[in-house]
Structure formats: C-alpha cells, structure tokens
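Novice: Please find one structure pasted underneath; my questions will follow.
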Amino acid sequence: MPNQKCKICGKEFYVKLFHAKKGWGKYCSIKCRTKAQFTGKWVECSYCGKEIWRTPKDFKRSKRNKFFCGVACHCSWENKHVRYGINAPNWVSGETAYRDLMRRHNIPFKCAMCGFSDKRALVVHHKDSNRRNNNIKNLERICCNCHAILHA
C-alpha cells in the first residue's frame, strides 16, 4: 500500500491505492488541506501599517496596489492623498472653491473693511475682480454692504 508525504507538513501517511490513482491523498489531514487553500499573502495596511491577509483576486482587482484594513483607513488615506483639489472626483475648474480656501486658511469671519462679524452677511471678494484667480492673497471676506459699495 502506498505511503505519501504531506505537501504542507512533510509527514508520511497512508493513502488508499484508489485515492492515489484519482490524485487524492496529497495532505495528511483536513488542517493541512485547509492551509494549502490559502494562496494569498500578508501585506501592510497603506494607512496604519497593520498586517492584513489579501488573496490573489484582491491583487488583480487593485488599481494602485494599496490595501487597507478597513473602510476607515481607506477613506482617511483617500482624503489625504487623492480626493483633494484637482484630484477630487467632482472637481470642475476650481472657480467655486474660494470659500473652502478661505476656511482652510483660517481667515477670520470678519469684514475686512468695516469689521462686521455676522457669518450670514459675509461674502468672499476677489480683489482684482477676476473670479478665476483664487490665490489666497487675492481673496478677502467682506460684508454684503461693503461688497455692494465696492462694485457700484
């Protein structure tokens, strides 16, 4: 009767002749057979560095070869690296991004001309009147009254 060596642990075990002819009997136990089915590899989470298991299918589907341990890490990484400014999926031309620029640069909610500080009445003014020029030095917060005076 044939004895075989386990392909995982190398242990010798008995295999029925009928099973050996069919190509069965490669593993000594269900534990070794299960271990053989795992064909992926361990990779590091691209955001937090945690070790995670990924299958060959995951490697085929990945566009950037970046892997994450969960949705939170994936979203955090995308917000830092991809979905910002020109790379954002809804980016049109940046003409309407000036309000967000003012907020990100912590420009105070106060009129630059009269000092009025009610957020509801403040607008962003382009100093050179070019709405496409969203340089932070070209932007200032002013109230609606002062804005109307400037453009009248």
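The values are calculated or read from the model by the stated rules, or taken from the named source; none is laboratory data. This structure is a prediction, so every number in the text was calculated from the model and none was measured. Neighbour counts run over all protein chains shown; Cβ positions are idealised from the backbone, glycine included. In case anyone asks, the SASA skips ligands and DNA or RNA and just uses the protein heavy atoms, side chains included. Shrake-Rupley method; radii C 1.70, N 1.55, O 1.52, S 1.80 Å.
Novice: For the range 3-17: of the residues being without any contact (Cβ under 8 Å) to a residue 24 or more places away in the chain, open to solvent by 100 Å² or more (accessible area, probe 1.4 Å) and out of contact with any Asp or Glu (no Cβ under 9 Å at 6 or more places or on another chain), which is farthest from Tyr27 (Cα to Cα)?
Specialist: Lys16
Novice: Mind checking which pairs have a first residue in the range 75-93 that is under 12 Å from Ser46 (Cβ atoms) and a second that is modelled with pLDDT of 80 or more and assigned to a loop (DSSP other than H, G, I, E, B), Cβ under 8 Å, 6 or more apart or different chains?
Specialist: So the pair list comes out as Ser76/Tyr47; Trp77/Ser46; Trp77/Tyr47; Trp77/Lys66; Trp77/Phe68.
Novice: What pairs can you find where one residue is in the range 63-74 and surrounded by 11 or more Cβ atoms within 10 Å (Cβ to Cβ), the other is part of a helix (DSSP H, G or I), and their Cβ atoms are less than 6 Å apart, with a gap of 6+ or different chains?
Specialist: If the second residue must be part of a helix (DSSP H, G or I), the pairs left are Phe68/His74.
Novice: If you don't mind, there's one more thing I want to ask. With respect to Ile149, determine if the residue is in a loop (DSSP other than H, G, I, E, B) and either surrounded by 14 or more Cβ atoms within 10 Å (Cβ to Cβ) or among the aliphatic types (A, V, I, L, M) (or both).
Specialist: Working: in a loop (DSSP other than H, G, I, E, B): no; either surrounded by 14 or more Cβ atoms within 10 Å (Cβ to Cβ) or among the aliphatic types (A, V, I, L, M) (or both): yes.
No.
Residue-wise test of (1) open to solvent by less than 70 Å² (accessible area, probe 1.4 Å); (2) modelled with pLDDT of 85 or more.
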residue	(1), (2)
Pro89	no, no
Gly94	yes, no
Lys119	no, yes
Leu139	yes, yes
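Novice: To continue, here is another question. Assess whether Lys127 counts as being open to solvent by 50 Å² or more (accessible area, probe 1.4 Å) and over 30 Å from Ile8 (Cα atoms).
Specialist: Working: open to solvent by 50 Å² or more (accessible area, probe 1.4 Å): yes; over 30 Å from Ile8 (Cα atoms): yes.
Spelling it out, Lys127 is indeed open to solvent by 50 Å² or more (accessible area, probe 1.4 Å) and over 30 Å from Ile8 (Cα atoms).
Novice: List pairs: first residue in the range 98-123 and over 20 Å from His151 (Cα atoms), second residue open to solvent by 90 Å² or more (accessible area, probe 1.4 Å) and assigned to a helix (DSSP H, G or I) anywhere in the structure, Cβ distance under 6 angstrom, at least six positions apart or on different chains.
Specialist: Matching pairs, first to second residue: Phe109/Lys119.
Novice: Within the range 18-32, can you find the residues that are open to solvent by less than 100 Å² (accessible area, probe 1.4 Å) and not hydrophobic (A, V, I, L, M, F, W, C)?
Specialist: Within the range 18-32, His19, Gly23, Gly25, Lys26, Tyr27, Ser29 meet the criteria.
Novice: Another question, if that's okay. From (1) in a loop (DSSP other than H, G, I, E, B); (2) within 30 Å of Tyr27 (Cβ to Cβ); (3) of a type outside the set (Lys, Arg), pick out the condition that doesn't hold for Cys111.
Specialist: Every condition holds for Cys111 apart from (2).
Novice: Right, another one. Among the residues of the range 33-62, what is the count of those that are open to solvent by less than 100 Å² (accessible area, probe 1.4 Å), closer than 30 Å to Lys5 by Cα and of a type in the set (D, E, K, R)?
Specialist: 1
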